[in-house]
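The values are calculated or read from the model by the stated rules, or taken from the named source; none is laboratory data. The structure presented is a predicted model; accordingly, all values stated were derived computationally and were not measured. Cβ atoms come from the backbone with ideal geometry, glycine included; neighbour counts cover every protein chain shown. Note: areas computed on protein heavy atoms with side chains; ligands, DNA, RNA excluded. Shrake-Rupley method; radii C 1.70, N 1.55, O 1.52, S 1.80 Å.
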Amino acid sequence: MTSTDSDRWGECMDVAVQIARKAGKMVQEAVKQEKRVRSKSTPTDLVTEADHQVEELIISTLRERFPSHRFIGEESSAAGEKCILTDNPTWIIDPIDGTCNFVHSFPMVAVSIGFAVNKELELGVIYHCFDETLYTGRKGHGAFCNGVRLHVSKEKDVSKALILTEIGAKRDPHTLDIFLGNLKKLLSAPSHGVRIIGSSTLALCLLASGAAEGYYQYGLHCWDIAAAAVLIREAGGCVMDTTGGPLDLMSRRVVAAGSQEIADYIVQQLQPISYGRDDHDP
């Protein structure tokens, strides 16, 4: 990467911060209005008009500033656009992470904007819409919350760990049995506890902030993890596949932790839940 590229990605960060704040204000206003809600892949996989409007705002603004860049967005992917990560500069966008929370005015909702070049994550910007908290991370430049440097928890003992997860959209009996089995293993480790907040992005931000020691999920999407992965790595944590290998952004599964010891322990406990890849046809 040339110095010109590095300067360019700095410009990308500045623009992403501006757009995330603007999109977050849009979400704040939308949560006060009557919400038109429908389901996507399952009855629990929700989408609202606001999801589409916020994504359109983000992509149209970025496209105007960076016309040669590519885009992966949650709602455009749901509408049938191919979800393929190439070497080209690519924005990976979740307009409203925590849509179910948004529908119920449950205050864990975020705008997430990630950016990758040569399939490597370069920066992430996440805006917590309800409390106006801005998380930013850039590869090699650190991670911050409202300008304050972030550091993960370095706890290595799972018996002193707080672990975060999300349920996922599949709720058939077999999947729920595996999910609850994984939960039981981690609760009986024993750990301090397990939390589910309804926003993968904000859960990962809490990990980057040192408020929890571990995170795992099957069934999330590339737009749930892209921006937050940069934050966690820049805050000193690790992000990996549930098999223990390197993170595969399109695999719809992840383990993250403040320490390698906690990450390895979580990997060893998990029984996998099968979800299709983001870059495969449904």
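Of note:
- In this view, the solvent-accessible surface of Lys156, computed with a 1.4 Å probe and all protein chains in place, comes to about 130 Å².
- Cα centre as origin, Lys/Arg/Asp/Glu Cβ charges: the chain dipole, Debye: 440
- Positive-end residue of Thr44, Met13, Ala227, charge dipole of the chain with Cβ unit charges: Thr44
- From phi via Karplus (6.51, -1.76, 1.60), per-residue ³J(HN,Hα) for the range 175-185 in Hz, x at Gly/Pro: 5, 5, 4, 5, 4, 5, x, 4, 4, 4, 4
- The fraction of all Cα pairs in the chain landing in successive 5 Å bins from 0 to the largest distance is 1, 6, 13, 18, 20, 18, 13, 7, 3, 1, 0, given as whole percents.
- Of Val148, Val103, the residue with the largest accessible area leads and the full order is Val148, Val103 (1.4 Å probe).
- Gain in span if fully extended, Arg277 to Asn118, counting 0.36 nm per residue against the direct Cα distance: 55.3 nm
- Extension gain (nm, one decimal) between His141 and Lys35, 0.36 nm per residue minus Cα-Cα: 34.3 nm
- Take every DSSP beta bridge whose two residues both sit in the chain; close to 80 percent of them are antiparallel.
- Residues Ser112, Ser77, ordered by accessible area of protein heavy atoms at a 1.4 angstrom probe radius and largest first, appear as Ser77, Ser112.
- For the residues Ile167, Ile58, a 1.4 Å probe over the protein chains yields an accessible-area ranking, largest first, of Ile167, Ile58.
- Stretched out straight at 0.36 nm per residue, the stretch from Glu81 to Ser60 would grow longer than its current Cα-Cα span by 6.0 nm.
- Phi-based couplings in Hz for the range 229-237 (Karplus 6.51, -1.76, 1.60; Gly and Pro marked x): 4, 5, 4, 5, 5, 6, 8, x, x
- Here the Karplus curve 6.51 cos²θ - 1.76 cosθ + 1.60, taken at θ = phi - 60°, turns the phi angles of the range 36-50 into couplings of 9, 10, 9, 9, 9, 6, 9, x, 9, 9, 9, 9, 10, 4, 4 Hz, with x standing for Gly and Pro.
- Exposure check, 1.4 Å probe, all protein chains in place: Met240 carries approximately 10 Å² of accessible surface.
- Among the protein heavy atoms of the chain, carbon and sulfur supply 50% of the accessible surface, probe 1.4 Å, non-protein parts ignored.
- Figure legend: label point modelled 7 angstrom from the Cα of Arg171 along Cα→Cβ; residues of the range 38-62 with amide N under 12 Å from it are 42-46.
- Heavy-atom surface of the chain, accessible at 1.4 Å and reported per residue (Å²): 44
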